[in-house]
Amino acid sequence: MSLTFPVINPSDGSTITELENHDSTQWMSALSDAVAAGPSWAAKTPRERSVVLTAIFEALTERAQELAEIIHLEAGKSVAEALGEVAYGAEYFRWFAEEAVRLPGRYGQSPSGIGHIAVTRAPVGPVLAITPWNFPIAMATRKIAPALAAGCPVLVKPASETPLTMVKVGEIIASVFDTFNIPQGLVSIITTTRDAELSAELMADPRLAKVTFTGSTNVGRILVRQSADRLLRTSMELGGNAAFVIDEAADLDEAVSGAIAAKLRNAGQVCIAANRFLVHESRAAQFTSKLATAMQNTPIGPVISARQRDRIAALVDEAITDGARLIIGGEVPDGSGFFYPATILADVPAQSRIVHEEIFGPVATIATFTDLAEGVAQANSTEFGLAAYGFSNNVKATQYMAEHLEAGMVGINRGAISDPAAPFGGIGQSGFGREGGTEGIEEYLSVRYLALP
Ligand code: NAD
């Protein structure tokens, strides 16, 4: 394989730069450096670790514009949207700086009276973090920050489509480490297209303690299988197929602005993007026309690659052949760059492939229901379980949706739900493990029980 690989600008298909294509020598030496850096970092006090994390938060915040421009270049989202991602991504360092000093533990008398029970936490050890291209900074910082807070070194393998952001984040973290005299091997960024080789080798090495992955369900399965031989700890943030349920009593303007947030952010390339709009039949025509206007008035950037664009186009074409009605969009525009227009499909047959697969593009599918229980059952008829959304101004209906929508995250009258202070993660084929919240640090800790006199 080649010594370098190109990073492509999805807005025009041009090559931004060529990056060194790391191989075994580099990632094995990164693992050795991580192993060497781990003990002194783990031995620091929680407060010392917290101070370093805060300094990283501040450094990333100071360099937000520069980072956003890199994200814009390699991922295609607008600079304004990229600035939002940088703020969100940096926030994980602030949040976990605050969590680092609150590691859970307990102490008490055994109920039997025989001695005492103390429960503490220890860092799991060196972590491999593999991340996707759709949020080049945030998907990585929500792994790096809790790992560091817990006392673990980290090797980060960003997606080869969008490695430049992480290279810059790596430099920023390195300069903070310099200030605090922390060994550089604590965080390494590995840029490579040899992803299968990397995971096979690192995961077979007994010094690696944990793999945390965000990406497709298929690759997640491969990594979980690979983790079996050494019973490696894993966290899997995988694909989604979110439903967006609009009850009879929903405020349609609120639902439409929620829908825009849940559908068009990052041109729909979001794991918690609303894929399936399920609308009470009495509101469907009005919702569809309001959504069409709003989608047409929202600027949309390119998708990440020609391959992704063609995959989206194929899903839409197949749905139309299945009997779906095209309301807007559906035509790949001429010109350079990997653009796909805002598209709405109504009356999408339940068996159509687009209903069951993650779209990862600016395409909304609409189907109707006659009573809420049926709508929620339709929402739940997916093997995924990452996010779901419910809109209604009727208290009973919101309560019903909150209790019955089956997903790791449920937004009630909210279309934007990501929050570093909340646990992000799914059920079913969307994976396991949580990122963010007080839960997020547990992924990098092991429980230790001390039996005391
Ligand atoms: P992907 O699974 O193709 O790739 C993700 C990462 O895994 C990349 O860094 C890639 O290089 C690497 N990879 C691929 N094969 C590998 C292997 N055999 N061993 C080791 N690493 C390997 O996913 P993608 O196309 O980059 O991202 C889109 C997917 O990510 C979507 O399915 C989306 O839903 C999911 N995603 C999930 C979340 C979440 O939190 N649940 C967040 C964002 C994206």
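The values are calculated or read from the model by the stated rules, or taken from the named source; none is laboratory data. Treat the numbers as computed from the prediction; the structure is a model and nothing was measured. Positions of Cβ are generated from backbone atoms using ideal geometry, with glycine treated the same way; all protein chains shown enter the neighbour counts. Ligands, DNA and RNA are excluded from the accessible area calculation, which covers all protein heavy atoms including side chains. Shrake-Rupley method; radii C 1.70, N 1.55, O 1.52, S 1.80 Å.
The figures follow:
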{"quantity": "Criterion (touching a residue at least 12 places away in the same chain (Cβ under 8 Å), part of a helix (DSSP H, G or I) and closer than 17 Å to Asp347 by Cβ) met by exactly one of Leu315, Leu326, Leu264", "calculated": "Leu315"}
{"quantity": "Meets criteria (of a type in the set (A, V, I, L, M, F, W, C), in a helix (DSSP H, G or I) and out of contact with any helix residue (DSSP H, G or I) (no Cβ under 6 Å at 6 or more places or on another chain)) for Val86", "calculated": "no"}
{"quantity": "Set Ser50, Ser32, Ser11: member being of a type in the set (Gly, Ala, Ser), at pLDDT 95 or above and surrounded by fewer than 15 Cβ atoms within 10 Å (Cβ to Cβ)", "calculated": "Ser32"}
{"quantity": "Residue within the stretch 253-268 that is at pLDDT 95 or above, hydrophobic (A, V, I, L, M, F, W, C), open to solvent by 40 Å² or more (accessible area, probe 1.4 Å) and away from the ligand (no atom under 16 Å from the Cβ) present", "calculated": "no"}
{"quantity": "Identity of the residue in the stretch 374-402, of a type in the set (Val, Ile, Thr) and open to solvent by 20 Å² or more (accessible area, probe 1.4 Å), that ends up nearest to Ile260 (Cα to Cα)", "calculated": "Thr398"}
{"quantity": "Only listed residue being surrounded by fewer than 24 Cβ atoms within 10 Å (Cβ to Cβ) and in contact with a helix residue (DSSP H, G or I) (Cβ under 7 Å, 6 or more places away or on another chain), chosen from Pro132, Pro146, Pro153, Pro136", "calculated": "Pro132"}
{"quantity": "Residue check for Gly220: within 12 Å of the ligand (Cβ to nearest atom), assigned to a loop (DSSP other than H, G, I, E, B) and not hydrophobic (A, V, I, L, M, F, W, C)", "calculated": "no"}
{"quantity": "Condition broken by Thr368, with the remaining ones in (1) outside any strand (DSSP E or B); (2) open to solvent by 20 Å² or more (accessible area, probe 1.4 Å); (3) touching a strand residue (DSSP E or B) at 6+ places or on another chain (Cβ under 9 Å) satisfied", "calculated": "(1)"}
{"quantity": "Residues located in the stretch 335-344, provided they are open to solvent by 40 Å² or more (accessible area, probe 1.4 Å) and at pLDDT 95 or above", "calculated": "Phe339"}
{"quantity": "Filter pass, Ile182 being part of a loop (DSSP other than H, G, I, E, B) and touching a residue at least 12 places away in the same chain (Cβ under 8 Å)", "calculated": "yes"}
{"quantity": "Subset of the stretch 109-118 (residues that are open to solvent by 20 Å² or more (accessible area, probe 1.4 Å) and either among the aliphatic types (A, V, I, L, M) or within 26 Å of the chain's Cα centre (by Cα) (or both))", "calculated": "Ile114, Ile117"}
{"quantity": "When residues of the stretch 345-356 are limited to those that are open to solvent by 30 Å² or more (accessible area, probe 1.4 Å) and out of contact with any helix residue (DSSP H, G or I) (no Cβ under 7 Å at 6 or more places or on another chain), the one nearest to the ligand (Cβ to nearest atom)", "calculated": "His356"}
{"quantity": "Any hit, the stretch 403-413, residues being under 25 Å from Arg102 (Cβ atoms), open to solvent by less than 70 Å² (accessible area, probe 1.4 Å) and touching a helix residue (DSSP H, G or I) at 6+ places or on another chain (Cβ under 7 Å)", "calculated": "yes"}
{"quantity": "Residue among Ala228, Ala209 that is buried (at least 20 other Cβ atoms within 10 Å of the Cβ) and among the hydrophobic types (A, V, I, L, M, F, W, C)", "calculated": "Ala209"}
{"quantity": "Where Val245 falls short, out of the listed (1) among the β-branched types (Val, Ile, Thr); (2) crowded, with 19+ Cβ neighbours inside 10 Å; (3) within 12 Å of the ligand (Cβ to nearest atom); (4) under 19 Å from Gly428 (Cβ atoms)", "calculated": "(3)"}
{"quantity": "Criterion violated by Ala324 - all others in (1) touching a helix residue (DSSP H, G or I) at 6+ places or on another chain (Cβ under 6 Å); (2) under 18 Å from Gln378 (Cα atoms); (3) open to solvent by less than 20 Å² (accessible area, probe 1.4 Å) satisfied", "calculated": "(1)"}
{"quantity": "Members of the stretch 164-174 that are open to solvent by less than 10 Å² (accessible area, probe 1.4 Å), in contact with a strand residue (DSSP E or B) (Cβ under 6 Å, 6 or more places away or on another chain) and within 16 Å of the ligand (Cβ to nearest atom)", "calculated": "Met166"}
{"quantity": "Every residue from the stretch 123-157 that is within 13 Å of the ligand (Cβ to nearest atom), assigned to a helix (DSSP H, G or I) and in contact with a strand residue (DSSP E or B) (Cβ under 8 Å, 6 or more places away or on another chain)", "calculated": "Met139, Ala140, Arg142, Lys143"}
{"quantity": "Selection within the stretch 223-261 - among the small types (Gly, Ala, Ser) and either closer than 22 Å to His356 by Cα or not in a loop (DSSP other than H, G, I, E, B) (or both)", "calculated": "Ser227, Ser235, Gly239, Gly240, Ala242, Ala243, Ala255, Ser257, Gly258, Ala259, Ala261"}
